[in-house]
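All remarks here apply to the structure that follows.
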Amino acid sequence: MYEQQRVEMEHIYEEKKETLEFMTSWFHDIKTPISVSRLVIENKTGKDPARVLDSLDEELDKIEHHIERALYYARIDDFSRDYLIHDISLESLVKQAVKNNAKTFISKRIQIKLHDLEYEVMSDKKWLSFILNQILSNALKYTETEGTIEIYGLETREEKMLKIRDTGMGIPVEDVSRVFDKGFTGQNGRKYEKATGMGLYLARKLARKLGHDITVTSEYDSYTEVTLHFPKLNDSYANLTNM
């Protein structure tokens, strides 16, 4: 009984520690668009009002994105009571995610290529949409102006896959295996003050709760490709009822 209690206390301690780390990174994330918004307002004199409003709108979108991520993180423990598994069109899901990030695509003049998305997968639409938005926003962050993001589907005997490939800076080979580690930012993240290493960590944690998985392949200075895996197992969601 003592040993069981000790293990449970360690588990609670680790959960509290993880929550504190997440909130610390979240405070860092949300502080940046607030500071930028203040600078936009302070320097609005002599500038086109429409452009000022567009800049503020873009920063508000970032704040909304950070708040959404915190809300989903807070609901992880209630996951077993907050999901509905059904057939989801990848094409519809992807197009909505692109629409959600349209302002960034336009402002950075990033080309989007969509093809081979005529697949349906079994998942929860709300949680899967959040996961895809995390992956896409990460791709947009590290893709330079006038770059390209390609999203397409594949199917094998074992699984269906959704691939998000960007022409960004890529990931150094020594960092690829660590991109899903909590708080890991790597060489690229250190170049971007807004990088906190929580987006992909949270995306993979939620994906695995849904019975999916996420992997990354990359070549530095060339591309990064994130793959969402949807196994074709009859009992893919058997464990969900036990969470």
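The values are calculated or read from the model by the stated rules, or taken from the named source; none is laboratory data. These figures come from a predicted structure and were not determined experimentally. Here the Cβ is made from the backbone with ideal geometry for all residues, glycine too, and neighbour counts use every protein chain on show. Quick note on the areas: whole protein, heavy atoms, side chains included, nothing else; ligands and nucleic acids left out. Shrake-Rupley method; radii C 1.70, N 1.55, O 1.52, S 1.80 Å.
The single condition from (1) open to solvent by 60 Å² or more (accessible area, probe 1.4 Å); (2) not in a loop (DSSP other than H, G, I, E, B) that ILE131 fails is (1). Count of region 78-115 residues, restricted to those that are closer than 26 Å to THR145 by Cβ and either of a type outside the set (D, E, K, R) or outside any helix (DSSP H, G or I) (or both), is 19. Filtered by the rule that a residue be open to solvent by 10 Å² or more (accessible area, probe 1.4 Å) and polar (S, T, N, Q), region 134-154 gives SER137, ASN138, THR145, THR148.
For region 24-40, the set of residues classified as closer than 18 Å to ASP181 by Cβ and at pLDDT 80 or above consists of THR24, TRP26, HIS28, ASP29, listed by residue number. Against the list (1) exposed (fewer than 11 other Cβ atoms within 10 Å of the Cβ); (2) closer than 18 Å to ASN133 by Cβ, the condition ASP87 fails is (2). Just so you know, in region 170-191 the residues that are touching a Lys or Arg at 6+ places or on another chain (Cβ under 8 Å) and over 26 Å from GLU91 (Cα atoms) include one that is modelled with the highest pLDDT, and it is PHE184. Taking the criterion of being of a type in the set (Phe, Trp, Tyr) and modelled with pLDDT under 95, the residues of region 201-243 that qualify are TYR201, TYR220, TYR223, TYR237.
Just to be sure before I move on: is THR104 at pLDDT 90 or above and over 19 Å from ASP213 (Cβ atoms) in the structure I sent? No.
For region 41-62, the condition of being assigned to a helix (DSSP H, G or I), hydrophobic (A, V, I, L, M, F, W, C) and surrounded by 17 or more Cβ atoms within 10 Å (Cβ to Cβ) holds for none of the residues. Going through (1) of a type outside the set (Gly, Ala, Ser); (2) modelled with pLDDT of 90 or more; (3) over 18 Å from LEU202 (Cβ atoms); (4) part of a helix (DSSP H, G or I) one by one, GLU118 falls short only on (4). The set of residues from region 124-138 being over 9 Å from the mean Cα position of the chain (by Cα) and in contact (Cβ under 8 Å) with a residue 60 or more places away in the chain comprises ASP124, TRP127, LEU128.
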